[in-house]
Amino acid sequence: MSRLQSVLRVWPWLAAVATGAIYRGCFAPFDHAWLCWFALTPLIAAVWFSGADAKRRWLRDLLLGYVAGLTFFWSVFSWLTTVTAPGWFLVGAYMGIYFAAWSWLCGALRSTRSASLSSRHNLRVAFLLASAWVTMELLRATLFSGWGWNMLGSALHAQWALIQIAEFTGVAGLSFLVAFANVIAVTTVGRLILERQLRTIKPHYDFAFTLLAIAGVIAFGMRAVETRQESRSIRVAAIQPNVPRAQKFNREFAQATFDRFSRLSQAATQSQPPDLLIWPESSMPEPVLPGTASYRFVKDFARATKVDLLLGVIDQDQAAVYNAALLVTEEGTREQRYRKVHLVPFGEYVPGRYFIPGLARIVGDQVPADFGFGKEYRVLRMADKEVRLAPLICFEDTIGELARQFVLGGANLLANVTNDGWFLHSAESQQHLANAIFRCVETRLPMVRSANTGVTCFIDQFGRITQKLADYTGNEFAAGVLRGNVSVPVHPRQTFYVRHGELFAKGCAVVTMLLPVFWLTGFGEECRRTPTAA
């Protein structure tokens, strides 16, 4: 076999790996968002421009996508190995299926060289493939309780001018735009090469339309951030205690935990006390129930400081144990609890634990028993009744459909309590924050976050981080207190996303399901015939 033949055989698989690697570079700790605009192009090129002589080309297309998916998911979620190596392997192996399905669709919409000369045809292909990409992300975020982290559009979390359309479309709209641009990038390059060979140049309306769409989204975002709502400013202090995970639920360290929270909270309440003090998820070493030392500590502290205290706790009743949030107000005399509705599979419960032998071994002793599911999206009211909290626990701040339920219930401030200490000082905490930012844009509400080990921060209604806890070296994992003022809308307007949820993504799913109809009614023939117009 000649060297050229070897290269021709290998390059598509290297291109698939390149797509996974480039896509990985969009997220923490690298955060090169610009990479997303061509992350999918190597995979698309490999599917479209190789394997013409393959016996089962459709299977080859599937495998190329699966290789890209494995590369991306195994690398971006590598921090799972700090908790469960088998779980990390299985997550990547499962999620790679969505990449494979999309890659197969790319092959199904592969066009002839002559058809690719048509701007109209290329726009249709880009529209259908972008819709299919959003559909795959929707399925990934929904099936088996879902895990919608690190969508293609999430890479733009720091690009405030671009992400403002999320108030209408959620992250799905951004994923659509980026996937659309990737497809047009490949068709444009292929078309330029073909036009050079044919010595004929036609207007590239498809490329111009894509650039105008991106510019329009940016223009909308710049205009959107100038919008103001009637709001009031409240003082917030968020504690980051940095309790090691080995000590978190060890009662031998209970007094040390109490002392740590007392020291940090006293610093937070000195001089001008905050209106709201926040402690992270599972703050106390035992369930916070009457009769326990943790309960007495929390109540005594609230009475002494006279501040509204929101903290993550372990709750319990006769039916189950719950991951919960507790708001203590009115000098410790009033309590409100929210029990977590969306539990993390293999993190807070093991699906099928009692039906599939050996399944619980995936997480070992990290999840010795299952938490119970909460049943109510309970909005917690501060002593100042104009401030109503959406108590998002742990990964709940990464789920748009869940956050909007609290807003529909009257919440006007998103409050996240989390403990990302399970994943040590990995990129998990930064990726968690990147996915949470979109909840603020979707709902047009600010968010305050208190994390055990980071990232503790405040985010405004446009998804911009206004304050972040870090030491003088920039270390976000250090213990400390974040103090500041947060503007809370008095009469927040319900955004399109709050009213309708993932309507855009569901519309893309409908388009994807109708692909066979498009194919049978003439689009498939259009992929194979010479166009008559640009």
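The values are calculated or read from the model by the stated rules, or taken from the named source; none is laboratory data. Since we're looking at a predicted model, the values are computed, not measured. For neighbour counting, all protein chains shown are included, and Cβ atoms are generated from backbone atoms with ideal geometry for every residue, glycine included. Areas reflect the complete protein model, heavy atoms only, side chains present, ligands, DNA and RNA absent. Shrake-Rupley method; radii C 1.70, N 1.55, O 1.52, S 1.80 Å.
When the Cα centres of the stretch 199-244 and the stretch 429-479 are compared, how far apart do they sit, in Å?
17 Å
Assuming R0 = 30 Å, what is the FRET efficiency of residue 320 and residue 220, from their Cβ-Cβ distance, to the nearest 0.05?
Details: r = 46 Å, r/R0 = 1.52.
Efficiency, rounded to the nearest 0.05: 0.10.
Taking the solvent-accessible surface of protein heavy atoms with a 1.4 Å probe, what is the per residue accessible area of the chain in Å²? Let's see the in-between values first.
Numbers: 22680 Å² over 534 residues.
Ligands and nucleic acids excluded, the figure is 42 Å² per residue.
Scaled to the compact-protein estimate 2.2 N^0.38 Å, what is the alpha-carbon radius of gyration of the stretch 3-95, rounded to two decimal places? Before the final figure, lay out the partial values.
Details: Rg = 14.6 Å, N = 93, 2.2 N^0.38 = 12.3 Å.
That ratio works out to 1.19.
Could you look at the chain and say what percent of its accessible area is carbon and sulfur, using a 1.4 Å probe and all protein chains? Don't skip to the answer; put the middle values down first.
Working: 13890 of 22680 Å².
Carbon-and-sulfur percentage of accessible area, whole number: 61.
When only C-alpha pairs under 8 Å and at least 6 residues apart count, what is the relative contact order of the chain, in percent?
Working: 1057 pairs, mean separation 93.9, N = 534.
Normalised by residue count, the contact order of the chain is 18 percent.
Within the chain, what is the number of lysine pairs with alpha carbons under 28 Å apart, leaving out pairs fewer than eight places apart on the same chain?
18
For volume of the Cα convex hull per residue in Å³, one of (i) 172; (ii) 152; (iii) 207 was computed from the structure I shared and the rest are decoys. Which label?
Read-out from the structure maps to (i).
Any idea how far apart residue 211 and residue 14 come out in nm if each label point goes 7 Å out from Cα toward Cβ?
Reported label-point gap for residue 211 and residue 14 is 3.1 nm.
Show the residues, 5+ positions off or on another chain, whose built amide H is closer than 5 Å to the amide H of residue 415.
So residue 415 has HN proximity to 390, 392, 448.
Report the extension gain between residue 120 and residue 75 in nm, rounded to one decimal, defined as 0.36 nm multiplied by the number of residues separating them, less their alpha carbon distance. List each step's numbers first, then the result.
On the way: separation 45, 0.36 × 45 = 16.20 nm, distance 3.71 nm.
Working it through step by step, the gained length comes to 12.5 nm.
Run the numbers for residue 195 and residue 3: contour at 0.36 nm per residue of separation, minus the present Cα-Cα distance, in nm. Could you put the intermediate results ahead of the total?
Values: separation 192, 0.36 × 192 = 69.12 nm, distance 2.89 nm.
Once the chain is fully extended between residue 195 and residue 3, it gains 66.2 nm.
Take every Cα pair under 8 Å in the stretch 285-418 that's 6+ residues apart, average their separations, divide by the length, and report that relative contact order as a whole percent. If you can, show how the numbers build up before the last one.
Values: 241 pairs, mean separation 25.1, N = 134.
After rounding, I find 19 percent.
Hey, with R₀ at 56 Å, roughly what FRET efficiency would residue 58 and residue 263 work out to, going by the Cβ-Cβ distance, to 0.05? If you can, show how the numbers build up before the last one.
On the way: r = 63 Å, r/R0 = 1.12.
Rounded to the nearest 0.05, the efficiency is 0.35.
In terms of modelled amide H atoms, which long-range or inter-chain residues lie less than 5 Å from the amide H of residue 334?
Here the answer is 329, since their amide H atoms fall under 5 Å of that of residue 334.
Roughly what angle does helix 503-513 make with the longest principal axis of the chain, taking Cα atoms, 0 to 90 degrees, to the nearest 10?
Taking Cα atoms only, the helix is inclined about 40 degrees.
Sticking with the crude label model, points 7 Å out along Cα→Cβ, report the distance from residue 270 to residue 227 in nm, one decimal please.
Distance between label points: 4.2 nm.
Using only DSSP helix segments of four residues or longer, with each worth -39500 (n - 2.57), what per-residue ellipticity at 222 nm results for the chain after dividing by its residue count and rounding to 500? Mind dumping the intermediate values first?
Details: 15 runs with 222 residues, N = 534.
Estimated from H runs of four or more residues: -13500 deg cm²/dmol.
Computed FRET efficiency, Cβ-Cβ of residue 513 and residue 144, R0 22 Å: what is it to the nearest 0.05? List each step's numbers first, then the result.
On the way: r = 20 Å, r/R0 = 0.92.
Computed FRET efficiency for residue 513 and residue 144: 0.60.
For the pair residue 286 and residue 34, how long in nm is the line joining their label points, each one 7 Å along Cα→Cβ?
Label at residue 286, label at residue 34, 5.6 nm between them.
Averaging the inverse of every distinct alpha carbon separation and then flipping it gives the Kirkwood radius. What is it for the stretch 280-368, in angstrom units? Please report the intermediate quantities before stating the final value.
On the way: mean 1/r = 0.0688 Å⁻¹.
Answer for the stretch 280-368: a Kirkwood hydrodynamic radius of 14.5 Å.
In degrees, nearest 10, range 0 to 90: what is the angle between the Cα axis of helix 57-76 and the longest Cα principal axis of the chain?
30 degrees
Going by Cα centres, the stretch 306-348 and the stretch 17-59 are how many Å apart?
43 Å
Hey, quick one: spin label on residue 464, modelled 7 Å out along Cα-Cβ, who in the stretch 133-172 has an amide N within reach, i.e. under 18 Å?
The answer is 156-167.
Please list, in order along the stretch 401-407, the HN-Hα scalar couplings obtained from phi with the Karplus expression 6.51 cos²θ - 1.76 cosθ + 1.60 (θ = phi - 60°), rounded to whole Hz, x for Gly and Pro.
4, 6, 4, 5, 5, 5, 5
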